[in-house]
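Scroll down for the structure; my scribbles are underneath it.
The values are calculated or read from the model by the stated rules, or taken from the named source; none is laboratory data. For clarity, every value in this text was computed on a predicted model and none was experimentally measured. All Cβ positions, glycine included, derive from the backbone under ideal geometry; neighbour counts span all protein chains shown.
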Amino acid sequence: MIRLTIPMNTPAANADELSRRLVKQYTEIAQLAGALAHEIKNPLSTIRLNIELLAEDFDGSDLPRDRRSRRKIEVVQRECQRLQDLLDDFLSFSKIRRLSLQPADLNEQIRRVLDFFRPKAAEANIELVDYLAGDLPTVLLDRESFHAALLNLVLNAEQAMPDGGQLVVRTYGTADGVALDLIDTGCGMGERTRSKVFEAFYSTKPGGSGLGLPTTRKIIEAHGGTIDLQSEVGRGSQFTVKLPMPPRLAGDG
């Protein structure tokens, strides 16, 4: 992850100029990375198509040589799909986000995600429990991107509970906005994992891209919010998302 760091002894005027240059450089790097990923996706699509056509040539054959060839083709197909998924996640992570912020009810957004996830939770033997405060102030959300961020946190909790468990979702007001806790009874994380989960490409899951939680944090920070994690091995994890109240609404009280 690229971090923009300005020396502490830099004068204010120079700091502003340096900050603008760093942001411009970051933007250029993000655009270059996105363009490179797109360039990789084009030949990858051609490879996948031709592998599928090649696989059809061996369908229905019981010859030992053809069966061996088919197994090798299946390995290439799996790796192509893994690369495709990685590129999609990377493009989502590197995207320069321009949010369309609109007044929204946080509880309503949470209910949408939980309703979408409920059938999968039932299959995974996960109990969903919600404690949604009824007097939350309105916040500004880009509904589509925030939905994706919240869904990713819920799916992350599911993966932490392979044998089932409980996911508690609660909301409450804060001094300057609202907060959301997602608490699971999963496997939890050690100190090293906790310190790295928001770093790009860090993953403890086989085949994971390591971009889900970093992308989630980018979305939340683009909303002016923060995300924190508390976790302990064998005792589950708690993600806390805090979102600010719009300045005008904050001043009305």
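The number of residues in the stretch 230-242 being more than 11 Å from Leu180 (Cβ to Cβ), modelled with pLDDT of 90 or more and touching a helix residue (DSSP H, G or I) at 6+ places or on another chain (Cβ under 7 Å) comes to 0.
Among the candidates Leu182, Leu128, Leu140, the residue that is under 30 Å from Pro103 (Cα atoms), in a strand (DSSP E or B) and at pLDDT below 90 is uniquely Leu140.
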